Each structure stands twice: as structure tokens, then as C-alpha cells.
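Let me begin by presenting the structure, written as C-alpha cells, before commenting on it.
The values are calculated or read from the model by the stated rules, or taken from the named source; none is laboratory data. Remember, it's a predicted structure, so these values are computed and weren't measured experimentally. Cβ placement follows ideal geometry from the backbone for every residue including glycine, while neighbour counts extend to all protein chains displayed. For accessibility, only protein heavy atoms count, side chains too; no ligands or nucleic acids. Shrake-Rupley method; radii C 1.70, N 1.55, O 1.52, S 1.80 Å.
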Amino acid sequence: MMSLEVTKVVYDLSANGKWSRDFGLRDQIRRAIVSVSSNIVEGFEKSNNNEFARFLRMSKGSVGEVRNQLYIGLALDYISKSDFDKINIELENLAGQIGGLIVYLDKNKKPR
């Protein structure tokens with residue numbers, strides 16, 4: 001699943017039930033998931049591999065923030081364990097992909 005697809009899933013999950021009424025947590029998880037793809041694109045547009053890697057690190061951090069907020073949602077019964085497991089796996093995969101790109105850029109420190 002790509003970053004934008006995960007974003008849609010998070011928006012859909014946070015639009016229902018108890019989660020939709022917890023405005024603080026709902027808005028925070030939405031800001032964090034939007035930050036993932038926004039930082040990827042912003043870093044890419046810098047046309048510099050060092051800057052791109054820096055923004056990818058911020059993006060990966062945002063994935064971690066979303067995962068933490070999902071754990072909170074699970075603890076508060078805002079999300080089912082089944083839905084949590086599905087989205088958490090996708091977020092782990094996304095973080096791995098971002099991490100792999102960071103490693104590649106760090107090993108190939110040539111400007112674009």
C-alpha cells in the first residue's frame with residue numbers, strides 16, 4: 001500500500017465511531033498521516049539527495065507517530081484489533097520502504 005492509500009484508510013478509520021468524536025486525537029492522527037506523504041514530496045522537490053534523505057527521516061518519524069496514535073485508539077476501543085493489525089502492517093511496510101530509500105540515499109551521496 002502506498003502512502004496516499006494508507007492516508008485514506010486512516011481518514012476512513014478516524015471518521016467513524018468514538019474516534020470521530022475525539023477531535024484532538026482524530027485531528028492529530030490525520031495531521032501525522034498527511035505529513036508522511038507531504039515530507040516525501042517536499043524532500044524530493046529539493047533536488048538534493050541529502051535534503052531528500054532528511055525529509056524522508058521526518059516522514060518515517062510521522063509513520064511512527066501514526067502508529068502510536070493507532071495504539072492509543074486501540075487502547076481506547078476506537079478501533080478493532082483486526083483493523084489495527086491491518087493498518088499497522090501497512091505502516092510497518094511503509095516505514096521499511098522509506099527506511100530503505102534513506103539507506104540508499106546515504107550510500108549514494110551524489111546530488112541529483
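Conditions tested, residue by residue: (1) open to solvent by less than 60 Å² (accessible area, probe 1.4 Å); (2) at pLDDT below 95; (3) under 15 Å from A32 (Cα atoms).
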| position | (1), (2), (3) |
| --- | --- |
| Y71 | no, no, yes |
| L74 | yes, no, no |
| Y78 | yes, no, no |
| A95 | yes, no, yes |
| I98 | yes, no, no |
| I102 | yes, no, no |
| D106 | yes, yes, no |
Next item on the list: Write out, first by first residue and then by second, each pair whose Cβ atoms fall under 9 Å of each other, whose residues are 6+ apart or on separate chains, and whose first residue, in the stretch 1-20, is over 19 Å from S62 (Cα atoms) while the second is of a type in the set (D, E).
Entry: G17/D77; K18/D77
Notebook entry, point to check: Which one of these is touching a helix residue (DSSP H, G or I) at 6+ places or on another chain (Cβ under 8 Å) and without any contact (Cβ under 8 Å) to a residue 40 or more places away in the chain: A32, A75?
Noted result: A32
Check: So which of R112, R57 ends up being open to solvent by 60 Å² or more (accessible area, probe 1.4 Å) and modelled with pLDDT of 95 or more?
Finding: R57
